[in-house]
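Peer 1: The structure that follows is given in the form of structure tokens.
What follows is calculated from the coordinates using simple rules that are stated; it is not laboratory data. The structure presented is a predicted model; accordingly, all values stated were derived computationally and were not measured. Note: ideal-geometry Cβ built from the backbone for every residue, glycine included; neighbour counts use all protein chains shown.
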Protein chains: 2
Amino acid sequence: MSFFETLKFDANGLIPAIIQDQANKRVLMMAWMNRASLERTIETGRTCFWSRSRQQFWVKGETSGHTQLVKDIACDCDGDTLLIQVEQVGAACHEGYRSCFFRSVENGTHQLKTTEPRLLSPEVLYAKK
Amino acid sequence: MSFFETLKFDANGLIPAIIQDQANKRVLMMAWMNRASLERTIETGRTCFWSRSRQQFWVKGETSGHTQLVKDIACDCDGDTLLIQVEQVGAACHEGYRSCFFRSVENGTHQLKTTEPRLLSPEVLYAKK
């Protein structure tokens, strides 16, 4: 079955893309793609998203150097979510953590605890290009 | 920091929840929660989603018996996506696969290939209660 025919973009022409570290299966982040950014992702082998706040393409790692090399692109049964395996260079999170999901709910409370070390400060991350 | 204060629900009061198999880190599915379904998930220890098409709560496995026992709830840096680790009973996908992401793009093509075995047919899945 054709990949693009299977996909369902939402009313804004977007589809959520879950990004997973191929090596250790850590979920790194979730961001949005439109058809053009997905085509660029496939063509270039690097993740390219659509920024809803800035209304522009956003090539992951373009500023920080922390790119994502695409290893596999899967879609779900309904065709409305993508799961992309990557080789992550450095930190996926703009706050300097490997994964954006660096906080979990502490058992039996409604408080968050940090579950992984910060790799580098955001200042270093974006001074680094 | 308080979990619920950190979260950002979208204009429809929803937040995407990525569901991951705690045992082998396979991403199983992505679905939507509102605040009430998230509260029910925390209270009951079983995933409860909000069905956008049916506009009602949807306790995973209620019909099929293929429940998800919650082991960890994380949120991302922006507070607009959840990552929930679960113990999955049986198949997460309504098509009878373990994961909803059972198809990937075949290298160098725009075609999809199936990447995991079907555990059971949808007819068996929903006859099973």
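Peer 1: Here is a list: A:103, A:40. Which entry is surrounded by 21 or more Cβ atoms within 10 Å (Cβ to Cβ) and without any contact (Cβ under 8 Å) to a residue 40 or more places away in the chain?
Peer 2: The unique qualifying residue is A:103.
Listed here are the residues, each with its yes/no results for (1) of a type in the set (A, V, I, L, M, F, W, C); (2) assigned to a loop (DSSP other than H, G, I, E, B); (3) in contact (Cβ under 8 Å) with a residue 12 or more places away in the chain.
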position	(1), (2), (3)
B:70	yes, no, yes
B:85	no, no, yes
B:93	yes, yes, yes
B:99	no, yes, yes
B:125	yes, no, yes
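Peer 1: Would you check if residue A:121 is more than 8 Å from chain B (Cβ to nearest Cβ) and out of contact with any helix residue (DSSP H, G or I) (no Cβ under 9 Å at 6 or more places or on another chain)?
Peer 2: Yes.
Peer 1: How many residues are under 16 Å from the mean Cα position of the chain (by Cα), more than 10 Å from chain A (Cβ to nearest Cβ) and not aliphatic (A, V, I, L, M) if we restrict to region B:1-31?
Peer 2: Final tally of qualifying residues: 1.
Peer 1: I'd like the residue in region B:68-78 that is more than 9 Å from chain A (Cβ to nearest Cβ) and crowded, with 18+ Cβ neighbours inside 10 Å and, out of all such residues, is nearest to residue A:97 (Cα to Cα).
Peer 2: By that ranking, first place goes to B:70.
Peer 1: Report yes if residue B:62 is of a type in the set (Asp, Glu), more than 8 Å from chain A (Cβ to nearest Cβ) and either within 25 Å of residue A:104 (Cα to Cα) or not in a loop (DSSP other than H, G, I, E, B) (or both), otherwise no.
Peer 2: no
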